[in-house]
Amino acid sequence: MLKIEGLTAEVEGRPILKGIDLEVPAGEVHAVMGPNGSGKSTLSYVLAGREGYEITGGRVTFDGRDLLAMEPEERAAAGLFLAFQYPVELPGVGNANFLRTALNAVRRARGEPELDAMQFLKLARAKLKALHMSEEMIKRNVNVGFSGGEKKRNEVLQMALLEPKLAILDETDSGLDIDALKIVADGVNAMRGPGFSALVITHYQRLLDHIVPDRVHVLMDGRIVKSGPASLALELEAEGYAKVAA
Amino acid sequence: MNAMTTGAEAFLGRFEGLRAQLPGGRTDWVAALRADAAAQFRAQGLPGRRVEAWRYTDLSPVAALGFTEALTLAEERPALPAARAPWRAVFVDGRFAAGLSSLPPGLAARSLAADLDAARGLLGALAEPLPLVALNTMLFEDGLFLEVPAGAEGGTLELLSIASHTQEAQKGRPIAFHPRHLIRIGQGARLTLIETSLGPAAAAYLHNPVFEIAVAQGAQLTHVRLQQEGRAGFQLCTVLAAVEAGGTYDNFTLNAGGRLVRNEIHAALRGPRAACHMNGAQLVADGQHADTTTFLDHAAPDCASRQTYKTVLAGRSRGVFQGKILVRQAAQRTDGYQMNQALLLSEEAEIDAKPQLEIYADDVKCSHGATVGALDEAQLFYLRARGIPAATARAMLVEAFLSEAIEGVQDEAARAALDDAISGWWQREGA
C-alpha cells in the first residue's frame with residue numbers, strides 16, 4: 001500500500017529525514033516510534049504533502065502511484081489521510097460544511113456521486129453514533145473552542161467519513177485522557193480490515209495498547225534503525241530508545 | 001493641485017450651464033440651495049490628499065476626466081437584473097425610471113425631482129460641509145424620496161442604480177450623475193432597503209450619490225448596499241444618517257466594483273438608546289481602490305454602536321478604512337465597538353487603516369481593533385489534506401474571514417443578493 005524508499009528531506013536546509021525505508025502492506029497497521037526530534041512529524045507532513053519540506057532524495061509509492069508528485073488534495077482523494085497532531089482551528093467555517101465539502105471533493109475525485117445536505121447529515125449522524133460522539137460536534141466551527149480530546153475525535157470523525165486506504169496518525173495520543181484515547185483507538189480499530197492500513201506515529205507505547213500494531217519501527221535521527229513485532233514497543237518503553245537502538 | 005482645481009472648475013462650469021435645466025432650477029429655495037452648495041464647492045474644490053480625510057484616497061483620476069452630466073442626455077432603458085424584492089425603484093444614470101420601477105403603495109416612495117417642493121426643509125437638513133455633498137447638492141438630478149409613515153411595516157424595497165450611456169463613454173465622454181436620496185423612517189416604522197449599483201464593465205463614469213437618512217424614534221432601517229459598479233467606474237457615496245431615541249440604523253456595505261470607490265458614512269445617534277450597526281466587506285481586485293470611511297457621532301446617552309469591516313485585497317490593489325467614533329459629553333454609558341480587518345491575498349496589495357476614538361464622556365465602554373494578515377498556510381493545508389482543492393480551500397477561508405461582517409445581514413433577500421455578489425467576485429477575481 002505504502003512504500004518508502006531512501007526518503008531524504010530537509011527543512012530550511014537542515015536534513016531531517018536521512019534515508020527512510022519503510023513498507024506498509026495493505027491491511028496492516030504499523031507503528032513508527034521515536035524520541036522527540038527524530039523526524040516523526042516531518043515524515044507525516046512529507047507524506048501528506050505539506051509545503052516547506054524539501055524532498056532531496058528517494059521515492060514514495062502509494063497504491064502503486066508516485067505519492068510525492070501529487071498535490072495534498074490528490075493524495076487525500078487517492079485515499080491517504082493524515083490525522084494531525086495539532087488539528088487546525090477554522091473560525092468561520094462550520095464543521096458540517098467543512099466535512100461535506102471534503103467528502104464531496106473526495107467523492108468527486110473518485111468518480112462517486114456527491115451527497116446533498118440531507119444525505120450527508122444522515123451519514124454523519126450514523127458515523128457520530130458509531131463513534132459515541134455528540135451531534136453538537138458538527139454544528140460548531142471546525143475545531144474552534146474544542147478541547148484537545150474533541151479535536152482528536154474530530155480527526156477520527158473525518159477519517160471515518162473519508163474512508164481512507166491509509167491513515168497516518170501523527171501523535172494522536174498526545175494530550176488525550178484515557179477515555180478519549182479509547183474512543184480514538186476504537187475508531188481506528190473499527191476500520192481495520194484488508195482495505196485499510198495505518199501508520200501510527202507516536203512517542204509512547206500507551207496508544208499501542210489500544211491499537212495493536214502488526215509491526216513496529218524505531219525512528220532515530222531521520223532513519224529507521226530497528227523494526228520488529230508489537231513486542232518491540234514494550235521493549236522500548238521498558239529500556240528506552242538509546243539502549244534498544246544501540 | 002492643478003488637476004484638482006481643473007476637476008472642480010469643470011463641475012462648476014457645467015453647473016453654470018445647467019442651472020435652469022436642473023430640477024427646481026426655477027424654484028427659489030432650490031436655486032438658493034444649489035448656489036450655496038456651488039459657493040462651498042468652489043471654496044473647497046475636489047478634496048486633495050492634503051486634506052486629512054482624503055489622505056489615502058487620491059481623486060486626481062476623477063479630476064482628470066472631463067465628464068458629461070448624464071442629465072443632458074436622452075434617457076435609456078438598460079436591461080435589468082432579476083428583482084430581489086417585490087418592490088423596486090430603478091434609477092438610470094441618476095434619474096428615476098418610472099417605467100422600470102414598481103413602487104410600494106403606502107410608503108410615499110417617489111422621484112425627488114417630481115416632488116421637490118415636498119422636500120423643502122428636508123433636503124440638506126442633514127448635510128455636512130463636505131465637498132462631495134456640496135457637489136451633489138449643486139448638481140443632483142433626481143433621487144429616491146421615501147417617507148415611511150409612522151408605525152408602518154415597510155417590508156423590503158430594492159433601490160437599483162444603473163450607469164448606462166456606454167456609447168457616450170466610448171466616445172471619450174464619460175458621464176457623471178449625482179443622485180440625492182431622502183429616506184425618512186417614521187416613528188416606530190421599519191424598512192429594509194437593498195441598494196445595488198451596477199455599471200458597464202469598461203466605461204468610465206462617476207456615480208456620486210448622497211443619502212440623507214432620518215430614522216425617527218423607535219424606527220428601524222436596514223440598509224444593505226451592494227456596490228458593484230463597472231470596473232472602470234467611480235463611486236463616491238456619502239451616507240448622512242440621524243437616529244432618534246430608540247431607533248436603529250443598520251448599514252451593510254459591500255464594496256466589490258469600480259476602479260476607485262469611497263463609502264463614507266456619517267451616523268449621528270441623537271436620542272437615548274439609539275443604535276447603529278455599520279458592517280461591510282470590501283473585495284478589492286487588481287487595479288481597484290476601495291475606501292470605507294465612517295464617522296459615528298454619539299450625541300446622546302445609552303446608545304450603542306457596532307462596526308465590523310473586512311477587506312480582502314488581491315493583485316495590485318489598495319484598501320482604506322478610516323473610522324472615527326466621537327463620544328460627546330452628553331453621551332454617558334455609550335457602548336461603542338469598532339473592528340477592521342484586512343486579508344492580503346497578494347504581496348502587491350496595500351491596506352491603510354486609521355481608527356480614531358474621541359471621547360468626552362466619562363462613563364463609556366468603547367473599543368476598537370485592527371488586524372492585517374495573509375491566508376493562513378496551516379489552515380490552507382488542513383483543508384487540502386482533506387481533499388479540498390486549493391482554489392476551493394482559499395474561497396472557504398476568504399468566506400470565513402468575511403463571515404463575521406456578513407452574518408449581521410439577516411434579511412433573506414439581502415443575504416441572497418450579498419452571497420451572489422461575493423461568489424461572483426470570487427469567480428471573476430479571486431480564484
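The values are calculated or read from the model by the stated rules, or taken from the named source; none is laboratory data. Given the structure is predicted, the values throughout are model-derived calculations rather than measurements. We place every Cβ from the backbone using ideal geometry, glycine too, and count neighbours over all the protein chains shown. The area values use the complete protein model at the heavy-atom level, side chains included, leaving out ligands, DNA and RNA. Shrake-Rupley method; radii C 1.70, N 1.55, O 1.52, S 1.80 Å.
Per-structure values
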| item | result |
| --- | --- |
| Hits in the range A:91-100 - residues which are small (Gly, Ala, Ser) and within 12 Å of chain B (Cβ to nearest Cβ) | A:Gly92, A:Gly94 |
| Of all residues in the range A:123-146 being in a loop (DSSP other than H, G, I, E, B) and of a type in the set (Lys, Arg), the one that is nearest to A:Tyr86 (Cα to Cα) | A:Arg140 |
| Pair list, Cβ < 9 Å and 6+ apart or interchain, from the range B:355-377 residues that are hydrophobic (A, V, I, L, M, F, W, C) to residues that are part of a loop (DSSP other than H, G, I, E, B) and surrounded by fewer than 12 Cβ atoms within 10 Å (Cβ to Cβ) | B:Ala361/B:Gln329; B:Ala374/B:Glu347 |
| Pair list, Cβ < 9 Å and 6+ apart or interchain, from the range A:181-194 residues that are outside any helix (DSSP H, G or I) to residues that are open to solvent by 40 Å² or more (accessible area, probe 1.4 Å) | A:Pro194/A:Ala26 |
| Residue among A:Ala126, A:Ala69 that alone is under 17 Å from A:Gly6 (Cα atoms) and without any contact (Cβ under 8 Å) to a residue 12 or more places away in the chain | A:Ala69 |
| Count of residues meeting criterion [modelled with pLDDT of 95 or more and within 23 Å of the chain's Cα centre (by Cα)] in the range B:36-52 | 4 |
| Pairs, first at positive phi in the range A:74-92, second modelled with pLDDT under 95 and surrounded by fewer than 18 Cβ atoms within 10 Å (Cβ to Cβ), C-beta under 7 Å, six or more apart | A:Gly79/A:Asp63; A:Gly92/B:Ser403; A:Gly92/B:Glu404 |
| Candidates B:Leu33, B:Leu107, filtered to the one that is open to solvent by less than 60 Å² (accessible area, probe 1.4 Å), farther than 24 Å from B:Ala163 by Cα and modelled with pLDDT under 95 | B:Leu107 |
| Within the range A:76-90, considering residues that are farther than 23 Å from A:Ser174 by Cβ and either open to solvent by 10 Å² or more (accessible area, probe 1.4 Å) or aromatic (Phe, Trp, Tyr) (or both), the one farthest from the other protein chains (Cβ to nearest Cβ) | A:Ala78 |
| Selection from the range A:183-242 of residues that are polar (S, T, N, Q), within 24 Å of A:Leu17 (Cβ to Cβ) and modelled with pLDDT of 90 or more | A:Ser197, A:Thr202, A:Ser227 |
| Residue that is over 27 Å from A:Ser38 (Cβ atoms), within 11 Å of another protein chain (Cβ to nearest Cβ) and either of a type in the set (Phe, Trp, Tyr) or open to solvent by less than 50 Å² (accessible area, probe 1.4 Å) (or both), where the choices are A:Leu103, A:Leu115 | A:Leu103 |
| Checklist (1) part of a strand (DSSP E or B); (2) closer than 25 Å to A:Leu162 by Cβ; (3) open to solvent by 30 Å² or more (accessible area, probe 1.4 Å) applied to A:Val225, failing item | (2) |
| Meets criteria (touching a helix residue (DSSP H, G or I) at 6+ places or on another chain (Cβ under 6 Å) and surrounded by fewer than 18 Cβ atoms within 10 Å (Cβ to Cβ)) for A:Arg65 | no |
| Test: residue in the range B:180-196 that is in contact with a Pro (Cβ under 7 Å, 6 or more places away or on another chain) and under 22 Å from B:Ala79 (Cβ atoms) | no |
| B:Thr293 vs. criteria polar (S, T, N, Q), open to solvent by 10 Å² or more (accessible area, probe 1.4 Å) and in contact with a helix residue (DSSP H, G or I) (Cβ under 9 Å, 6 or more places away or on another chain) | yes |
| Hits in the range B:110-156 (condition: assigned to a strand (DSSP E or B) and surrounded by fewer than 22 Cβ atoms within 10 Å (Cβ to Cβ)) | B:Arg110, B:Ser111, B:Glu147, B:Glu153, B:Gly155, B:Thr156 |
| Identity of the residue in the range B:205-256, polar (S, T, N, Q), part of a strand (DSSP E or B) and open to solvent by 10 Å² or more (accessible area, probe 1.4 Å), that ends up farthest from B:Thr311 (Cα to Cα) | B:Gln220 |
| Residue check, B:Asp297 of a type in the set (D, E, K, R) and assigned to a strand (DSSP E or B) | yes |
| Given (1) in a loop (DSSP other than H, G, I, E, B); (2) surrounded by fewer than 22 Cβ atoms within 10 Å (Cβ to Cβ), index of the condition A:Pro164 fails | (2) |
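Table: residues versus (1) over 19 Å from A:Ile168 (Cβ atoms); (2) away from every other protein chain (no Cβ under 12 Å); (3) modelled with pLDDT of 95 or more; (4) within 17 Å of the chain's Cα centre (by Cα).
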| site | (1), (2), (3), (4) |
| --- | --- |
| A:Val46 | no, yes, yes, yes |
| A:Ala69 | no, yes, yes, no |
| A:Ile138 | yes, yes, no, no |
| A:Lys151 | no, no, no, yes |
